[in-house]
Amino acid sequence: RQMCIRDRPQIKLYSYFRSSCSWRVRIALNLKGIKYEYLPIHLVKEGGQQNSEEFKKINPRGYVPALFIDGDTLIESLPIIEYLEETRPEIPLLPKNPRDRAVVRAICEIINAGIQPLQNLSVLQKVENELNGDKMKWAKDVIEKGFDGLEQFIANTKGKYCFGDTITMADIVLAPQAIGAFTRFGVDRTKYPNISAVMENLEKEQAFIDALPQNQPDFEK
C-alpha cells in the first residue's frame, strides 16, 4: 500500500549549529513545516565527530548535513532540499517556470559552488595549519569576491527576496552565507546593498529565525 504521511518514519537531521549547509536544510524544513529530530554532530570536538566510524556509516564522506527521511538517508544540502521540494511540494521553494527555476538555481550555485567550498571548515583548517596563513583573511577575501558578482546578479532578479517577492531556494542558500560573512568574517554589509536589502527581509521570517545557530540545541558561543 502507498505510505501515508502519518506512517512515515521519524525524520532525523544530523546537523552542526554553525554549518551553513546544515543551516540551509533547517530553513527548508522550517519553511515546509516539517517536524524533525535534531542530532548534533560536533565538527571540532574529538577530532570532529563527522570523522568517526559511526557517522561515516551514515555519510561516508564525513560531512553534515544528513537527513533520514522516508526510510532513507540523504546527503548534500541542495539535493536534500530538492527532494523535499519534489516530495512535499505544497509550499514551493522553486518557481513554476523552467527559466525562473534556472535563475534561482544559478543564485544557489554562485554560493554553493563558488563561495562556500572555498571557506568551509576543512579549507580554513588547511590554510591555518598547513599553509600558516590567516584563515579569517582568506575567508573574507573569498566571500567578497563571490559577493561582488552575486550583488550584481541579484540586482536584476530581486524583489523582497533574491528572486521576486517569494522565498525560494536562493534565499535559503544566501541567508547562512550572508550572516556568516557579516557577523563572523568581517565582510562589510554596506558594500552589498542588494544582498543586504534581501537579508533585512529574510531576518524577519520565523523559519529563518528558528534556523539560526543560536537557536539550535548544540549552540556554543
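The values are calculated or read from the model by the stated rules, or taken from the named source; none is laboratory data. No experiment lies behind these values; they were computed from the predicted model shown. Positions of Cβ are backbone-derived with ideal geometry, glycine not excepted, and every protein chain shown enters the neighbour counts.
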| query | Looking at this structure, is residue 180 in contact (Cβ under 8 Å) with a residue 40 or more places away in the chain and within 24 Å of residue 104 (Cα to Cα)? | reply | yes
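Scan 207, 211, 155 and give me the residue that is surrounded by fewer than 22 Cβ atoms within 10 Å (Cβ to Cβ), touching a residue at least 60 places away in the same chain (Cβ under 8 Å), among the aliphatic types (A, V, I, L, M) and out of contact with any Cys (no Cβ under 8 Å at 6 or more places or on another chain). Talk me through it step by step, then tell me what you get.
Numbers: 211 fails: surrounded by fewer than 22 Cβ atoms within 10 Å (Cβ to Cβ); 155 fails: touching a residue at least 60 places away in the same chain (Cβ under 8 Å).
Of the residues listed, the single one that is surrounded by fewer than 22 Cβ atoms within 10 Å (Cβ to Cβ), touching a residue at least 60 places away in the same chain (Cβ under 8 Å), among the aliphatic types (A, V, I, L, M) and out of contact with any Cys (no Cβ under 8 Å at 6 or more places or on another chain) is 207.
If I go through the stretch 96-116 residue by residue, how many of them are of a type outside the set (A, V, I, L, M) and under 16 Å from residue 174 (Cβ atoms)? Give the derivation first.
Within the stretch 96-116, the first condition is being of a type outside the set (A, V, I, L, M), and the residues that meet it are 96-101, 105, 108-109, 112, 114, 116.
Those left that are additionally under 16 Å from residue 174 (Cβ atoms): 105, 108-109, 112, 114, 116.
The total comes to 6.
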| query | What about residue 93, is it at pLDDT 95 or above and in contact with an Asp or Glu (Cβ under 6 Å, 6 or more places away or on another chain)? | reply | yes
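Would you confirm whether or not the stretch 102-117 contains a residue that is assigned to a helix (DSSP H, G or I), free of Cβ contacts under 8 Å to residues at least 24 places away in the same chain and more than 24 Å from residue 202 (Cβ to Cβ)? Don't jump to the end; show me each part of the working.
Residues of the stretch 102-117 that are assigned to a helix (DSSP H, G or I), as a first pass: 102-112, 116-117.
Subset that is free of Cβ contacts under 8 Å to residues at least 24 places away in the same chain: 102, 109, 117.
Right, trim to more than 24 Å from residue 202 (Cβ to Cβ) and you get none.
There is no residue in the stretch 102-117 that is assigned to a helix (DSSP H, G or I), free of Cβ contacts under 8 Å to residues at least 24 places away in the same chain and more than 24 Å from residue 202 (Cβ to Cβ).
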| query | How many residues, within the stretch 158-183, are buried (at least 18 other Cβ atoms within 10 Å of the Cβ) and among the hydroxyl-bearing types (Ser, Thr, Tyr)? | reply | 2
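Which residues, counting only those in the stretch 118-138, are part of a helix (DSSP H, G or I) and over 15 Å from the mean Cα position of the chain (by Cα)? Steps first, answer last, please.
Residues of the stretch 118-138 part of a helix (DSSP H, G or I): 118-119, 121-129, 135-138.
Residues satisfying the conditions are 122, 123, 124, 125, 126, 127, 128, 129, 135, 136, 137, 138.
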| How do the helices (runs of 4 or more DSSP H) wholly within the stretch 1-94 filter down when requiring 2 or more residues that are buried (at least 19 other Cβ atoms within 10 Å of the Cβ) and under 17 Å from the mean Cα position of the chain (by Cα): which remain? | 20-31, 77-87
| Any residue in the stretch 139-148 that is under 29 Å from residue 13 (Cβ atoms) and at pLDDT below 95? | yes
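Condition test on residue 141, is it exposed (fewer than 13 other Cβ atoms within 10 Å of the Cβ) and not in a loop (DSSP other than H, G, I, E, B)? Spell out the reasoning first.
On the way: exposed (fewer than 13 other Cβ atoms within 10 Å of the Cβ): no; not in a loop (DSSP other than H, G, I, E, B): yes.
Considered against the rule, which asks whether it is exposed (fewer than 13 other Cβ atoms within 10 Å of the Cβ) and not in a loop (DSSP other than H, G, I, E, B), residue 141 comes out as no.
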